[in-house]
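Working notes for the structure below.
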Amino acid sequence: MHGNGGNISHRGDSLAIFHRLGFNVFIFDYRGYGRSDGVPGERGLYEDAATAWQYLVEQRGFAGNDIVLFGRSLGATIAAKLAAEVEPAGLIMESSFSSARGFAQAVLPLLSRMVVMRYRFDTAGYVRRVTCPVLVAHSPDDDIIPFQLGQAVYAAANQPKTFLTMQGDHNSGFLQSQPGYEQGLREFMSSRVFGGQEGVTKNN
């Protein structure tokens, strides 16, 4: 699930990585993104993710325990919310924040005390309810979402869980982190998700 900026037409580099890893990918645009009609909002984004899951499971016949949810930035929050409500094989959260409030406090601490938050996007709260293996990936050099927010998401997750330290900025860190990024995904999928081993903290 992609982040707040762009749409699925901008995810070619990520799709190429998953293709090299040998995974089938289903990608979609939320309402109001790309060619999808509607106006985006927090509840609507969650509903769109749930609809995508229902399509794969109910119409396409995929088993939930064969599906790994992936979300980047805002998409990580949406993926975590869905993972807390269904039973996927695994959850990958990249460059995520702990909550809308946590993000505001980290980036604009003074202003965050004076405004009422319209959105919650409670990533840490959602991931506490997730029972499948979790991979959290974040870069200390992230120029949009501070690294400590990714660490907070990891701290909130249950075992088995893995932390993958990336390199580079928010939007292209996964490319700047090669080959460790791709290797980290491969190891998580092969050993933590489909291999049944306990997750451990991993730095690349």
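One residue is enough: does the range 72-81 have a residue meeting the conditions surrounded by 14 or more Cβ atoms within 10 Å (Cβ to Cβ), touching an Asp or Glu at 6+ places or on another chain (Cβ under 7 Å), not in a loop (DSSP other than H, G, I, E, B) and not hydroxyl-bearing (S, T, Y)? Explain how you work it out, then say what you get.
Pass one, the range 72-81, residues surrounded by 14 or more Cβ atoms within 10 Å (Cβ to Cβ): 72-81.
Retained after the next criterion (residues that are touching an Asp or Glu at 6+ places or on another chain (Cβ under 7 Å)): 72, 76.
If we keep only those that are not in a loop (DSSP other than H, G, I, E, B) as well, we get 72, 76.
Applying the additional criterion that residues be not hydroxyl-bearing (S, T, Y) yields 72, 76.
Yes, some residue in the range 72-81 is surrounded by 14 or more Cβ atoms within 10 Å (Cβ to Cβ), touching an Asp or Glu at 6+ places or on another chain (Cβ under 7 Å), not in a loop (DSSP other than H, G, I, E, B) and not hydroxyl-bearing (S, T, Y).
In the range 36-49, is there at least one residue being among the hydrophobic types (A, V, I, L, M, F, W, C), touching a His at 6+ places or on another chain (Cβ under 8 Å) and surrounded by 13 or more Cβ atoms within 10 Å (Cβ to Cβ)? Talk me through it step by step, then tell me what you get.
Taking the range 36-49 as the starting set, the residues that turn out to be among the hydrophobic types (A, V, I, L, M, F, W, C) are 39, 45, 49.
Cutting the leftovers down to touching a His at 6+ places or on another chain (Cβ under 8 Å) gives us none.
Checked the range 36-49: no residue is among the hydrophobic types (A, V, I, L, M, F, W, C), touching a His at 6+ places or on another chain (Cβ under 8 Å) and surrounded by 13 or more Cβ atoms within 10 Å (Cβ to Cβ).
Would you mention how many residues in the range 1-30 are modelled with pLDDT of 90 or more and over 15 Å from the mean Cα position of the chain (by Cα)?
Total meeting the criteria: 8.
In this structure, is R43 of a type in the set (K, R), in a loop (DSSP other than H, G, I, E, B) and at pLDDT below 95? Walk me through it before giving the result.
On the way: of a type in the set (K, R): yes; in a loop (DSSP other than H, G, I, E, B): no; at pLDDT below 95: yes.
Taking the combined requirement at face value, the residue does not satisfy it.
Contact list please: Cβ distance under 8 Å, first residue in the range 68-83 and without any contact (Cβ under 8 Å) to a residue 24 or more places away in the chain, second residue part of a helix (DSSP H, G or I), pairs at least six apart or on different chains.
So the pair list comes out empty.
Mind counting the residues in the range 13-40 that are outside any helix (DSSP H, G or I) and among the charged types (D, E, K, R)? Walk me through it before giving the result.
Step one: of the range 13-40, the residues outside any helix (DSSP H, G or I) are 21-40.
Now restrict to residues that are among the charged types (D, E, K, R): 29, 31, 35, 37.
Final tally of qualifying residues: 4.
When you go through (1) more than 27 Å from D141 (Cβ to Cβ); (2) outside any helix (DSSP H, G or I) one by one for M93, which number turns out not to apply?
Just one mismatch for M93, condition (1).
The values are calculated or read from the model by the stated rules, or taken from the named source; none is laboratory data. What you see is a predicted model, and the numbers here were worked out from it, not measured in a lab. Quick reminder, even Gly has a Cβ in these numbers, built from the backbone with ideal geometry, and neighbours come from all protein chains shown.
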